[in-house]
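Right, one structure below, let's go through it.
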Amino acid sequence: MQENVKCLIIGAGPAGYTAAIYTSRADLSPLVIEGMQPGGQLTITNEVENFPGYPEGSSGPVIMEDIRQQAIHVGARLRPGMVTEVDFSSRPFHCKLDDGTEVVAETVIVATGANARWIGMPGEAQYRGFGVSTCATCDGNFFRNKTTVVIGGGDTALEDALYLSNLCTKVYIVHRRDQFRGTMALQKQVLSTENIEVVWDTVPVDIVGVKQGFIKKVTGLQVKDVHSGEERTLEVDGVFEAIGVSPVSDLFKGQLDMNEQGYILTQPGTCRTNIPGVFAAGDVQDPNYRQAIIAAGAGAIAGIEAGRFLMGS
């Protein structure tokens, strides 16, 4: 079975749904393949306070369902499933779906996002969204005047710790080595910040918490000294895992230009890839910010550019 479309959008997070809104309003009749996690990473975020339009905050799933319904309202077609193969060697582009359908598209917007890397501790899933996070700028505000811990030793971990130090009474950094991997400027800043305490040569073991009915909260992080094997529990209210994210871009390797980490490269100030007619938006091409509103903005840019491309082709 073959289906011809003007615009195929691969991915259904803030970038994908926003691109669908813009391309729908441009009469491109986009087809959105929603993938394994419709709504993207925001659907595993319990509380969101920094997305415009929600003055009292909201949950990630609610926000994403609102954006999804807006895309449907303006005419986008949403379809569950996965894109399993793409051929960008010539226009129109050929993309195969897991149900056997071949979609032939005049333009493609890649909005597959990124996946946070999790350590895999036993209590991690249980308290995810209830004190365990991978985004300090997203969730740090919930821990004002409390104690938190950041796990990691690279730039992301150091930046997260510095951000949290302005909100929290105390911030631990747990790092498995005896020195950081982050840039020297960040190291100096962290080590000179009074309410940051570094726990060297230590690895996390498990997350400790309490559960009463539907209410769950983190109370500590169990850690182990890598030399002595001695274990102890740091009393904390929040755990931030800062060991990086992985862009979901394997499907496009060998066709779209990427950096060493797998982020799709786009021309500065645009969402244009190295293939004319193929655009990338959101966390799959943004290694810096990891914010839903920025992904949504990139989706708008990609949608506008896709329309302009078709007008000029």
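When you filter the trypsin sites (Lys or Arg not before Pro) in region 227-313 for DSSP loop state and at most 12 other Cβ atoms inside 10 Å of their Cβ, you are left with 253.
Would you please classify the overall shape of the chain from the alpha carbon gyration tensor, given that a ≥ b ≥ c denote the square roots of the eigenvalues, rounded means a/c under 1.5, and beyond that prolate means a/b larger than b/c while oblate covers the rest? Prolate, since a/c reaches 1.5 and a/b exceeds b/c. Between the amide H of residue 132 and those of 239, distances stay under 5 Å, these residues lying 5 or more places away or on another chain, with hydrogens modeled in the peptide plane. What FRET efficiency comes out for the pair residue 117/residue 251, r = Cβ-Cβ distance, R0 = 25 Å, nearest 0.05? Plugging the Cβ-Cβ distance into 1/(1 + (r/R0)^6) gives 0.85. Extension gain, residue 217 to residue 232, is 3.5 nm, computed as 0.36 nm per intervening residue step minus the present C-alpha separation. Taking Cα atoms only, the orientation of helix 155-165 departs from the longest principal axis of the chain by about 60 degrees.
Derived scalar couplings between HN and Hα for region 218-234 equal 7, 10, x, 10, 7, 10, 9, 5, 6, 8, 8, x, 5, 10, 8, 10, 7 Hz in order, rounded to whole Hz, by the Karplus curve 6.51 cos²θ - 1.76 cosθ + 1.60 (θ = phi - 60°), x for Gly and Pro.
Computed extension length for residue 144-residue 87: 15.6 nm, one decimal, from 0.36 nm per residue of separation with the Cα-Cα distance subtracted. The label-point distance for residue 181 and residue 137, in a model that sets each label 7 Å from Cα toward Cβ, rounds to 2.1 nm. Seen from residue 262, the other residues with C-beta closer than 14 Å to its C-beta sum to a net charge of -3, counting Lys and Arg as +1 and Asp and Glu as -1. Can you bin region 27-85 into rounded, prolate or oblate? Criterion: square roots of the alpha carbon gyration tensor eigenvalues sorted a ≥ b ≥ c, rounded for a/c under 1.5, prolate for a/b above b/c, oblate for the rest. Because a/c hits 1.5 or more and a/b fails to exceed b/c, region 27-85 counts as oblate.
Around the amide H of residue 154, modelled in the peptide plane, lie the amide H atoms of 181, all under 5 Å away and 5 or more residues distant in sequence or on another chain.
Of the chymotrypsin sites (Phe, Trp or Tyr not before Pro) found in region 265-310, those in coil by DSSP whose Cβ has at most 14 other Cβ atoms within 10 Å are 289.
Working value for region 99-185: equivalent-ellipsoid semi-axes of 33, 17, 15 Å, each the square root of 5 times a Cα gyration tensor eigenvalue, largest first. For the chain, the Cys residues with no second cysteine's beta carbon closer than 4.7 Å are 7, 95, 168, 271.
For the pair residue 243 and residue 101, label points projected 7 Å from Cα toward Cβ lie 3.8 nm apart.
Hydrodynamic radius of region 160-225 by the Kirkwood approach over all distinct alpha-carbon pairs: 13.4 Å. For GluC sites (Glu not before Pro), the sites in region 1-59 that DSSP calls loop and that have at most 16 other Cβ atoms within 10 Å are 47, 49, 56. For the chain, find the longest principal axis of its Cα atoms and tell me its angle to the long axis of helix 14-25, 0 to 90°, nearest 10. The angle comes out at about 20 degrees. Under a 5 Å amide H cut-off, with hydrogens placed 1.01 Å from N, residue 45 pairs with 60 among residues at least 5 apart or on other chains.
Apply the a/c threshold of 1.5 to the C-alpha gyration tensor of region 118-241 and tell me whether it is rounded, prolate or oblate.
Details: a/c = 1.89, a/b = 1.25, b/c = 1.51.
Because a/c hits 1.5 or more and a/b fails to exceed b/c, region 118-241 counts as oblate.
Within the shell defined by Cβ-Cβ distances under 12 Å, the residues around residue 280 carry a net charge of -3, with Lys and Arg each +1 and Asp and Glu each -1. Rounded to the nearest 10 degrees, the inclination of helix 292-312 to the longest alpha-carbon principal axis of the chain is 20 degrees.
In plain terms, the chain from residue 126 to residue 193 could stretch by 21.0 nm, reckoned as 0.36 nm per residue minus the Cα-Cα distance.
Note on the chain: lysine pairs with Cα distance below 30 Å, sequence gap of 8 or more or different chains, count 17. Charge tally for residue 106 (other residues, Cβ to Cβ under 12 Å; Lys, Arg +1; Asp, Glu -1): +2.
Here, each number is a calculation from the coordinates, and none is a lab measurement. Keep in mind the model is a prediction, meaning the values are calculated, not measured. Don't worry about glycine lacking a Cβ; one is built from the backbone with ideal geometry, like all the others, and counts go over all protein chains shown.
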